[in-house]
1. Can you tell me how the stretch 26-71 classifies by the Cα gyration tensor, rounded, prolate or oblate, using a/c under 1.5 as the rounded cut?
2. Assuming 1.002 mPa s and 20 °C, estimate D for the stretch 6-83 with Stokes-Einstein, Rh taken as the Kirkwood radius over Cα pairs, in µm²/s.
3. Expressed as a rounded percentage, what relative contact order does the chain have, with Cα pairs under 8 Å and six or more residues apart?
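Read-outs throughout are calculated quantities, based only on the coordinates presented, and are distinct from any laboratory measurement. Just so it is clear, the model here is predicted, and its values are computed rather than measured.
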C-alpha cells in the first residue's frame, strides 16, 4: 500500500479492518477527523511518537508495538487512536 494517498490508505485499511501504525502525526490525524466528520469510520491508528522513538530505531518500534498489542489486542480499534 506504499504510495497510496492518505485518504485512500485510510479507506482501504477501514475496508479490510486493519489498524494503521504510523509516524505521521501531521497529516493522518486531519484525514482521520475528516473521515469521522463525513460519517465514515477508520480501522484505527496507532501513532509512533518520534520524540520517544527515533526514525532509525526499528527494534524499539517493534518492541513497543509488541507490548502495545499484548495489552490491547482484544480491543476493537475501529475509530480509535493511540500512541506507542
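1. Verdict is oblate for the stretch 26-71.
2. Answer, rounded: 165 µm²/s.
3. Normalised by residue count, the contact order of the chain is 34 percent.
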